[in-house]
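Please read the structure below before turning to the comments.
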Amino acid sequence: MLVSTATYTTILASALVLFASSNLTPAAEAHSWMDCVNWKFHSRTNPDFSDKGGYCRGYARRYPKDLNFGTLDDASPSRHYQQAGNPNTALPCSDRRHGKDIGSDETMGDPVSSAYGGKYGEMATIRSGETLCVRWPAKNHAEGNEDNTIVQINLIKSRNSQDATQAELLRNTIARLPYKNCSRGSGTDKKPCGGCFKMPARSPGLYLLQWRWMLNPGEWYTSCADIQIEDDKRGNKRRL
Ligand SMILES: *[C@@H]1O[C@H](CO)[C@@H](O)[C@H](O)[C@H]1NC(C)=O
């Protein structure tokens, strides 16, 4: 078949337009993680998860706090961690070696506090009964055509030298948050999102808090943070 030069030029031009517009839209397959486990809003009346709207008083494990929000997809190591195999028995926190996406490192510190401070963010301290807000970047999954998927928050008392199993964490879900709860932000990739819930009464001590997001059925991404829980504000010593 003969294609005229004019037709050919038109086809070429459309292909270029398609190529250019797809380049403007960031990769749709980017995946998320929790950066902050204790976000503080500057304003109660206008709560905002963007860097302008507040600050972080407690990070995920080994979180490189000096990197710009939402930018860790291509960093080495990258941040997101997709659990591989059966999500009920998969490793709960990334260790650079396991998972569908290898690289992210949220290994428990030895001591636990060594995963915080210096180049990493600080560890969170929370009181029972306090409202806790956690934050994550949208990574293009908070748009109108995306399902409002679920973020689980799992909380379990820390043990020496080894994290609880995923099965144990799943018996300790304390909150379910809508993924698409986002503030205004630059673009669809780095839009800041988050959720807030009341910290249930727990005996004081060190806990593992797991953020666990289901992007597609059975496809889970996790982030882990150690948090120190203190007695509630009224000084009640509730022991559960
Ligand atoms: C949604 O985000 C706002 C801040 O923009 C926050 O105040 C609210 O608690 C969040 N909702 C949920 C269900 O977490």
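Derivation of every value follows stated rules applied to the coordinates shown; laboratory data play no part. Note that the structure is a prediction, hence the values are computed from the model and not measured. No Cβ is skipped: glycine too gets one built from the backbone with ideal geometry, and neighbour counts run over all protein chains shown.
Quick notes on this structure:
- Region 196-224 and region 46-99 have Cα centres spaced 12 Å apart.
- Peptides 167-178, 34-45, 51-62, 131-142 ordered by average Cβ neighbours within 10 Å, highest first: 131-142, 51-62, 34-45, 167-178
- Per-residue 3J(HN,Hα) values for region 57-73, derived from phi via the Karplus relation 6.51 cos²θ - 1.76 cosθ + 1.60 with θ = phi - 60°, read 10, x, 10, 5, 4, 6, 7, x, 5, 7, 7, 5, 3, x, 9, 8, 4 Hz in sequence order (x marks Gly and Pro).
- Fully extended contour minus Cα-Cα distance, from E219 to K65, at 0.36 nm per residue: 52.8 nm
- Spin-label model, Q162/D147: points 7 Å from Cα along the beta carbon direction are separated by 3.4 nm.
- Under 5 Å, built H, 5+ apart or other chain: amide partners of N181: G194
- Summarising the label geometry, the points placed 7 Å from Cα in the beta-carbon direction at D74 and T45 lie 4.2 nm from one another.
- Maximal additional length on extending the D110-Y55 stretch stands at 17.1 nm, based on 0.36 nm per residue less the C-alpha distance.
- Summarising the amide proton neighbourhood of A175: residues at separation of 5 or more, or on other chains, whose placed amide H is nearer than 5 Å comprise I153.
- Net length gained if the chain between A84 and R97 were fully extended (0.36 nm per residue, minus Cα distance): 3.6 nm
- Amide H within-cut-off set for R127, under 5 Å, with H built and near neighbours excluded: E230
- Per-pair calculated FRET efficiency, R0 = 25 Å: R171 and K198 via Cβ, rounded to 0.05: 0.80
- When you filter the trypsin sites (Lys or Arg not before Pro) in region 181-222 for DSSP loop state and at most 12 other Cβ atoms inside 10 Å of their Cβ, you are left with R184.
- Using the Karplus relation 6.51 cos²θ - 1.76 cosθ + 1.60 with θ = phi - 60°, the per-residue 3J(HN,Hα) values for region 196-204 come to 10, 7, 8, 5, x, 5, 9, 5, x Hz, with x marking Gly and Pro.
- Across region 130-137, computed HN-Hα scalar couplings (Karplus, 6.51 cos²θ - 1.76 cosθ + 1.60, θ = phi - 60°) run 7, 7, 10, 10, 10, 10, 8, x Hz from first to last residue, x flagging Gly and Pro.
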